[in-house]
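This report concerns only the one structure given below.
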Amino acid sequence: MKHEDYGLAVRALGGDLEAWDELYTKSLPIVRGFTRKYRSGFPIGAAGYEDTVSDAYVRAYTRLERYDGTCRFSTWVCAIVKRQVWVENTKFCRRERIYRQRFAPSVLLYSRDPCDIFLAMELKKSLWRAFEDLKPLESYILESHVVQERTFLQLGRTVHLSRRAVEGCYAMALMRYARSFHRIHHAFR
């Protein structure tokens, strides 16, 4: 089977889209199942696994010349998924750590009043959930500008957008973050 996959990969490298479609179709159920199961073992959870699968196939297509046929194509794509999940998890944990250090109302945790502690914990949960509701680009721009104190010009160079477009995305992210926070926080009460 791996020799057949390698033959299809060689044909796909030569521009045969049917060969790529066959590789994709044969490996997709295996890669989907692996991704859903593998992501569930990390704090990022299994939600959104389809994005990881799509990104893995984009990477596999752009790096198809690296596939040497020593394993099944699906196994090779699953290795790409594994690396992506590690990266996503690292970013997630880093964000959570930064959030706890910078935004968690830690002063209230030293209060003797249990109500203050409970309210601080609810606020923290609401803020974090609202941040998770943002689109990836919005959360990246918001976090980079507020936490890492990067300028809109620097962010524009990173995401390949104009400074004005980054400012607009930042404004939209703040608005969506505020709406999401109020919706989530007031649902607790």
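The values are calculated or read from the model by the stated rules, or taken from the named source; none is laboratory data. Small disclaimer: the values here were computed from a predicted structure and weren't measured. Note: ideal-geometry Cβ built from the backbone for every residue, glycine included; neighbour counts use all protein chains shown. Calculation scope for accessible area: heavy atoms of the full protein, side chains included, ligands and nucleic acids excluded. Shrake-Rupley method; radii C 1.70, N 1.55, O 1.52, S 1.80 Å.
Axis angle, to the nearest 10 degrees, between helix 136-146 and the longest C-alpha principal axis of the chain: 40 degrees.
Which value in deg cm²/dmol, rounded to the nearest 500, describes the helix-derived mean residue ellipticity at 222 nm for the chain, given -39,500 (n - 2.57) per DSSP H run of n ≥ 4 and division by the residue count?
Numbers: 8 runs with 143 residues, N = 189.
Result for the chain, helices only: -25500 deg cm²/dmol.
In degrees between 0 and 90, to the nearest 10, how far off the longest principal axis of the chain does helix 2-13 point, with axes built from Cα atoms? On a 0 to 90 degree scale, this one is about 80. Of the residues Thr62, Thr52, Thr90, the one that moves most in a GNM of the chain with alpha-carbon contacts below 10 Å is Thr62.
Ignoring ligands, DNA and RNA, how do Leu142, Leu161, Leu13 rank by accessible area with a 1.4 Å probe, largest first? Don't skip to the end; give the middle numbers.
Details: Leu142 10, Leu161 70, Leu13 95 Å².
Reading off the accessible areas and sorting them downward yields Leu13, Leu161, Leu142.
Judged by the ratio a/c of the largest to the smallest principal axis of the C-alpha gyration tensor, the stretch 8-49 counts as prolate, that ratio being 1.5 or greater while a/b is larger than b/c.
State in Å² the accessible area per residue of the chain; use a 1.4 Å probe, count heavy atoms of protein chains only, and round to the nearest integer. Please list the in-between numbers first.
Working: 11890 Å² over 189 residues.
Per-residue value: 63 Å².
What net charge do the residues around Leu134 carry, taking every other residue with its C-beta under 12 Å from that of Leu134, with Lys and Arg at +1 and Asp and Glu at -1? Residues close to Leu134 contribute a combined charge of +1. Between Val10 and Lys135, the FRET efficiency from the beta-carbon distance, with R0 = 30 Å, is close to 0.20. Helix 49-62 and the longest principal axis of the C-alpha atoms of the chain enclose an angle of approximately 50°.
Once all Cα-Cα distances of the chain are split into 5 Å bins that start at 0, what whole-number percent is in each one? Final binned percentages: 1, 7, 12, 13, 13, 13, 12, 10, 8, 5, 3, 2, 1, 0. Summary of the geometry: the stretch 9-35 and the stretch 139-169, compared by the centres of their Cα atoms, lie 36 Å apart. Once every Cα of the stretch 1-71 carries one equal point scatterer and solvent is ignored, give the base-10 log of I(q)/I(0) from the Debye formula at q = 0.17, 0.22, 0.23 Å⁻¹, two decimals. Scattering profile of the stretch 1-71, log10 relative to I(0): -0.66, -0.95, -1.01.
Using a 1.4 Å probe on the protein chains only, how many percent of the accessible area of the stretch 146-189 belongs to carbon and sulfur?
After summing per-atom areas, the C and S share lands at 58 percent.
In the chain, taking the dipole from charged Cβ atoms about the Cα centre, the farthest positive-side position among Ser126, Phe34, Leu23 is held by Ser126.
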